[in-house]
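I have placed the structure first, in the form of structure tokens, so that the comments after it can refer back to it.
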């Protein structure tokens with residue numbers, strides 16, 4: 001796998017696995033669901049793998065190529081980035097790594113930002129390649145609330161010398177802190193996500 005140039009190269013809709021090309025679902029919604037799936041600590045790793053396969057592939061590659069398939073998924077999700085860059089996308093259990101955003105909890109802010117800056121309605125657009133979405137997301141300006149919120153969450157308070165300024169950002173950081181566990185108000189939203197992930201039931205690895 002190599003790093004594509006979004007300005008020069010045709011964006012990938014297929015990945016090569018076991019010497020054969022497979023269509024991969026390249027719409028931005030699929031990779032958002034994948035990211036939420038990876039961040040859900042209540043779902044076992046094996047189930048995450050089966051659901052990821054079902055999300056990305058209408059025709060799942062043979063199980064004997066499972067490692068190659070997973071690498072292809074991660075390459076596509078990471079927009080061709082190396083593994084080090086992927087660590088910035090998915091929240092880890094490390095206490096010193098603060099999550100800047102969450103597609104689940106920040107969905108309204110992200111929707112508003114795309115409408116305001118790009119005039120793109122993410123709720124009605126029929127298709128948007130994941131790599132295009134990521135480029136647009138990373139290009140959001142500080143005028144958008146979601147960017148301000150991400151800055152609050154990731155700001156290192158120890159680097160702020162002014163007492164009043166530090167107190168201000170500490171308050172903002174706490175106010176916009178992402179919850180560790182889903183709240184009751186978000187339960188219906190989570191159920192909808194899980195229903196889309198499951199799409200009729202759990203995929204049995206033995207049947208691949």
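Using only Cα atoms, what Kirkwood radius does the range 14-180 have, in angstroms?
In the range 14-180 this quantity evaluates to 17.8 Å.
Run the simple label-point estimate for residue 168 and residue 8 please: 7 Å along Cα→C-beta, distance reported in nm.
4.4 nm
Determine, at each q value in 0.12, 0.23, 0.25 (inverse angstroms), the log₁₀ of I(q)/I(0) that the Debye formula gives when each Cα of the range 1-65 is one equal point scatterer.
For the range 1-65, the Cα-only Debye profile gives -0.37, -1.10, -1.17.
Need the full-extension length gain, residue 70 to residue 111, defined as separation in residues times 0.36 nm minus the C-alpha distance. One decimal, nm.
The span from residue 70 to residue 111 would gain 11.8 nm if fully extended.
Bear in mind that the values in this text are calculations on the coordinates, not laboratory data. A quick note: this is a predicted structure, and the numbers were derived from the prediction, not measured. Neighbour counts are summed over all protein chains in view; Cβ atoms, including those assigned to glycine, are modelled from backbone coordinates with ideal geometry.
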